[in-house]
1. Give me, ordered by chain and number, the residues 5 or more places off A:VAL53 or on other chains with an amide H under 5 Å from its own placed amide H.
2. Counting every Cα pair in the stretch B:195-261, what percent are over 20 Å apart?
3. In whole Å, largest first, what are the principal axis extents of the Cα atoms in the protein assembly as shown?
4. Compute the normalised compactness of chain B: alpha-carbon radius of gyration over 2.2 N^0.38 Å, N being the residue count.
5. With each pseudo-label sitting 7 Å past Cα toward Cβ, what's the B:ALA232-A:GLU315 distance in nm, one decimal?
6. Given a Förster radius of 35 Å and the C-beta distance between A:LEU263 and A:ALA242 as r, what FRET efficiency does 1/(1 + (r/R0)^6) yield to the nearest 0.05?
7. Extending each Cα 7 Å along its Cβ direction at B:VAL31 and A:HIS87, get the distance between those two points in nm, one decimal.
8. If I take R0 = 51 Å and measure r between the Cβ atoms of A:ARG283 and B:ARG19 in this structure, what FRET efficiency does the formula 1/(1 + (r/R0)^6) give, to the nearest 0.05?
Amino acid sequence: MPIVEARGLTKVFRRPDKGPGLAGAVRHLFARRFTDKVAVDHVDLSIEAGEAVAYVGPNGAGKSTTVKLLSGILVPTAGDVRIDGLHPQRDRTTVAHRIGVLFGQRTQLWWDLPVSESLAVLRDIYGVDHATYRKRMARFDEVLELGEILPVVGRKLSLGQRMRADLAAALVHGPQVVYLDEPTIGLDLAVKDRVREFFRSIRDEGTTVMLTSHDLADIEGFCRRLVIIDQGRIIFDGDLEAVKDKFARERILHVETAAPVPLETLRTSLPGAKVEAEDTPTRYAVRFDRFAMTAGQAVTTLAGLTELVDFRVDEPSIEDVIRRVYSGELVLG
Amino acid sequence: MRSYRALIRATAKAALAYRFSLLLGLGAVLVQLVALLAVWRVILAESTVNGFTWPQMRAYLLVAFAAGTVVSLLGDFRMAFRILDGDVALDLVKPIDYQKARFAEAVGGLWIELILIGVVVGATLALTGGVDTPAAPALALFVTSMLLLVPLKFLIVYVSTLTCFWTQNYMGVQWARLAVVNLLSGALIPLAYLPGWLAAVAQWSPFAGLTSTPALIFLGRVDGRHALQLVAVQLGWVVVLWFGARLVWRAGLRRLTVNGG
């Protein structure tokens, strides 16, 4: 049985439709008009225990709204959510013990208390016994290096410190399902790496993770499943690697030769690839389909023609694929 | 219970972080107390007005100060901010009751308020002379009334803060609440000084329990059955508001549209 299940999940926000300026505001007092905005539109989603799912989409696509619906924060306009068979609103307390939520832009730490105190309050709120709590904290400390930030008061934390502390706060109770909404937003690379390593460690322990992110580097090497949402609808739900195989087949081989070579020579020796000159006369870019030709074959062929000084292979990231999906260039599934 | 105890402890500790803003806030309340004392002293120097003598009025003002300081310093702004900002979302995924949790926080801030009350009342008594304490039964009723004041005041502040789900602004709500409470609770002037019909309305409103009821009992201006009746009204409002607040909270939740992509 899936641990997270959504059927026909729909959320419609009603926004007051005011005309411009004071006149519009006054008119709104007498004749209220509203526009409905469908934030999430008949989303079906089921996540098995232990899965790591990437949930991506452009700004305003409905990602955070879905997370709020799945965690019981928002009441759906239509449709149904089950967490481990339970109803997140009706069984709010029971469900709260099973889920952990991190909103990268929000904090659940107490502004005026040291991080250690905030975490201790959460420990008591969730009724975690002290031995388990200590063990968990020790483990969080290994990856997140919590030790140095435990005595710091909430409002004095840097963004990176705050996010590390908030991650610990979201996982104090050892939830079965964790929603991470933009967990690396605004972090520098070193902290991002550490946080990503932490994600992998909780996934490896069998925690179900749903990760929402703009930074697609967060999901590469972490999630096997990719769900793309656009304008409230799921437009793709499938295997991340399969998407890459299918839509990110192109490789670009950048070569630098000892002496200039006529483009025509290169093109005739590499049929099936596109060869272009780059900024200097001895640099070329070779584009090819990795299922038609391997990078090794391309390099060997070129090395037979001329002396190669340097070469590098670029593979498109999942980011390129998804950017193309967003822009409507690519239709998946 | 462990979770609410933890919240009480946490707020009790966090209250210390506010000690400077508390002292500043205290300054404002003190100025008001001193001004009221000075004004009434002049008014009541020659004769009693509406049956209040100067020592009685002094005792009234001190009780009013104590009642005004309890559950006044912390909590509501944080709660309002979390609702307006959408951080309340994170409170919703906690396995605890929202209303009880906020009440626990109000209780956690009490100790610092009690210290302030002790210092100010002590200093005033030392400077202006003592007050008559009522006899044991009335004193017990006074203490009961002061204890009921804690949940009563919490609930009035709590319900008014919940309106942030609709208003998108807290300052206005807070000012409106303070204006109504100051007038109808008897914090500004004893209810006996209000026009008859307004005094009657105020007496049965939840606000009388915030100042007038404990002050009148302390002064011995209401006796036996009448005093019991006033305390019963206080208790009644605590019960009504406790469950009423849950309805408001539920309506607010329906209204909730947390911002963000």
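1. Excluding prolines and chain starts, which carry no amide H, the hits are A:VAL209, A:MET210, A:LEU211.
2. 45 percent
3. 116, 55, 49
4. Values: Rg = 19.2 Å, N = 261, 2.2 N^0.38 = 18.2 Å.
Against the empirical 2.2 N^0.38 Å value, I get 1.05 for chain B.
5. Computed distance between label sites B:ALA232 and A:GLU315 equals 8.1 nm.
6. 0.50
7. A separation of 5.5 nm, rounded to one decimal place.
8. Numbers: r = 67 Å, r/R0 = 1.31.
Rounded to the nearest 0.05, the efficiency is 0.15.
Any read-out appearing in this document is the output of simple, stated calculations on the displayed coordinates, not a laboratory observation. Computed from a predicted structure; not experimentally measured. Ideal geometry is used to build each Cβ from the backbone, glycine not excepted, and the neighbour counts take in all protein chains shown.
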